[in-house]
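The values are calculated or read from the model by the stated rules, or taken from the named source; none is laboratory data. Since we're looking at a predicted model, the values are computed, not measured. Here the Cβ positions follow ideal geometry from the backbone for every residue, glycine too, while neighbour counts run over all protein chains shown. Ligands, DNA and RNA are stripped out before the accessible areas are found, and what is left, the full protein with its side chains, is counted by its heavy atoms. Shrake-Rupley method; radii C 1.70, N 1.55, O 1.52, S 1.80 Å.
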Amino acid sequence: EAVLGADAGNLKALTRLSRGLQHNDPEQSLTLAEKAKAIAPDSPEVLDTLALAAYANGDYQSAALNARQAIMRAPDTPDYRYHHALILSAQGKTAGAVAALEELLQEPAAFEEYEDAARLLDELTNPG
């Protein structure tokens, strides 16, 4: 937060801090993500950050909307697609989440959250 004190418009700092606070302080995470969106409303990274912050706050409708917008702007970014599948799962849209995860995990390039995506797919297809 010290970085933000010096420059509240520092987009990278806003998104990083928002992501870092998603589990411990989801409301602050959402506030920071919204500030980032006010600065760069079309940034796929910002939209994805806002999607995750909304997800952490249980606002799955807003999360899904922002996740879709991030994917529209950066369709080849697997992390954004995984986050969208995670949100679909939270919305109870299991079939959509499974389809998105299966497509994502068939691609040859691994990504940062590949193991999380594979685990979610396993949980959705093998409940219990």
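With a 10 Å cut-off between alpha carbons and a GNM built on the chain, which of Ala64, Ala95, Ala54 moves the most? Of Ala64, Ala95, Ala54, the most mobile in the Gaussian network model is Ala95.
In the chain, the longest principal axis of the Cα atoms and the axis of helix 11-21 are about 60 degrees apart.
Give the dimensionless ratio obtained when the Cα radius of gyration of the chain is divided by 2.2 N^0.38 Å.
Working: Rg = 14.8 Å, N = 128, 2.2 N^0.38 = 13.9 Å.
Ratio of Rg to 2.2 N^0.38 Å for the chain: 1.06.
The residues of the chain expose, per residue, 55 Å² of accessible area to a 1.4 Å probe.
Computing the accessible area with a 1.4 Å probe over protein heavy atoms, can you report the carbon and sulfur percentage for the stretch 29-128? It would help to have the intermediate numbers written out before the result.
On the way: 2500 of 5080 Å².
Reported share for carbon and sulfur atoms: 49 percent.
Could you tell me the calculated FRET efficiency between Ala95 and Lys12, based on Cβ-Cβ distance and R0 = 41 angstrom, to the nearest 0.05? Walk me through the intermediate numbers first.
On the way: r = 36 Å, r/R0 = 0.88.
Working from the Cβ atoms, E equals 0.70.
Taking the longest Cα principal axis of the chain as reference, the axis of helix 78-90 is set at about 70 degrees.
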